[in-house]
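To start, the structure under review is shown below, and the notes come after it.
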Amino acid sequence: MHTNKCRRVSALLVIMACLTVFAPAQAKDSDAQGLRVEPPKSISVRTLINQDGQAVSFPATGKWQLAIFGFTNCPDICPVTLQKAAVVLRRLGSKAADLQVVFLSVDSDHDQPDVVKKFVSVHDARIQGLTGAAGAVQAVANEFGVIARRYQGKTALEYRIEHSSFLYLLDPQGRIVMFYPEKIGAEQVAADLERLWKKVDNN
């Protein structure tokens with residue numbers, strides 16, 4: 001029996017990655033629960049494959065996005081994070097239509113589109129799953145400062161992946177404007193979104 005495991009990357013490595021990618025941009029917004037990225041960080045658009053097997057561009061534009069990185073064999077961190085995102089959508093009510101939650105698999109070898117679709121739909125059918133060529137996925141992860149390390153076991157089916165577990169908020173221009181450590185709850189993320197959207201509407 002194979003044992004695929006998902007482990008958190010050490011806090012030190014996560015902090016170092018964030019400092020490398022976002023410094024000096026990351027800042028604490030006194031009104032926000034997450035860490036604000038100022039100025040917003042632009043992400044290169046790349047072609048990935050969605051859960052229906054279609055080629056799509058990520059990040060997309062024209063809509064707010066909440067990005068999650070993980071893999072479908074993850075037994076704990078990823079399901080918990082996806083459930084958090086599902087709660088965010090429910091708390092937003094009708095405004096959830098303004099947010100696209102995206103799950104990006106860092107396990108391209110295993111996570112084919114149908115596998116990703118089954119995994120995300122368990123939590124909320126509105127969550128979009130993405131996969132793709134390993135190089136394209138890694139390039140996206142690098143820009144986000146995501147650490148994902150695969151450790152092979154004794155057989156091809158036995159492995160574990162350690163990865164960071166932030167949520168990343170992208171604005172309609174496809175730029176990272178906020179990111180959320182694991183300790184930030186769904187209610188806090190939803191409150192941030194409502195505050196940001198209200199601010200945009202008033203400008």
- Can you tell me which residue in region 154-203 is nearest to residue 41 (Cα to Cα), limited to those that are among the β-branched types (Val, Ile, Thr), surrounded by fewer than 21 Cβ atoms within 10 Å (Cβ to Cβ) and at pLDDT below 90? 200
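So in region 100-113, with the set limited to residues that are crowded, with 20+ Cβ neighbours inside 10 Å and within 15 Å of the chain's Cα centre (by Cα), which one is farthest from residue 64 (Cα to Cα)?
Kept after step one, since they are crowded, with 20+ Cβ neighbours inside 10 Å, are these residues of region 100-113: 101-107, 111.
After this cut, where a residue has to be within 15 Å of the chain's Cα centre (by Cα) as well, the list is 101-107.
Details: 101: 9, 102: 10, 103: 14, 104: 16, 105: 20, 106: 22, 107: 25 Å.
The residue in question is 107.
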- Of the residues 96, 60, 32, which is buried (at least 17 other Cβ atoms within 10 Å of the Cβ), under 20 Å from residue 189 (Cβ atoms) and at pLDDT 90 or above? 96
- With the checklist (1) crowded, with 20+ Cβ neighbours inside 10 Å; (2) assigned to a loop (DSSP other than H, G, I, E, B) in hand, flag the one item residue 116 doesn't pass. (2)
- Note on the structure: Checking 15, 77 in turn, the sole residue that is modelled with pLDDT under 85 and out of contact with any Phe, Trp or Tyr (no Cβ under 7 Å at 6 or more places or on another chain) turns out to be 15
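Given the criteria more than 17 Å from residue 63 (Cα to Cα) and either in contact (Cβ under 8 Å) with a residue 24 or more places away in the chain or not acidic (Asp, Glu) (or both), does residue 121 qualify?
Here the answer is yes, as residue 121 does meet what is asked.
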- Query: Within the set of pairs 6 or more residues apart or between chains, which connect a residue that is touching a residue at least 60 places away in the same chain (Cβ under 8 Å) and at positive phi inside region 171-192 to a residue that is of a type in the set (Ser, Thr, Tyr) and not in a helix (DSSP H, G or I) with Cβ atoms less than 8 Å apart?
  - Reply: 174/42; 174/61
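The values are calculated or read from the model by the stated rules, or taken from the named source; none is laboratory data. All values reported here derive from a predicted model rather than from experimental measurement. Positions of Cβ are backbone-derived with ideal geometry, glycine not excepted, and every protein chain shown enters the neighbour counts.
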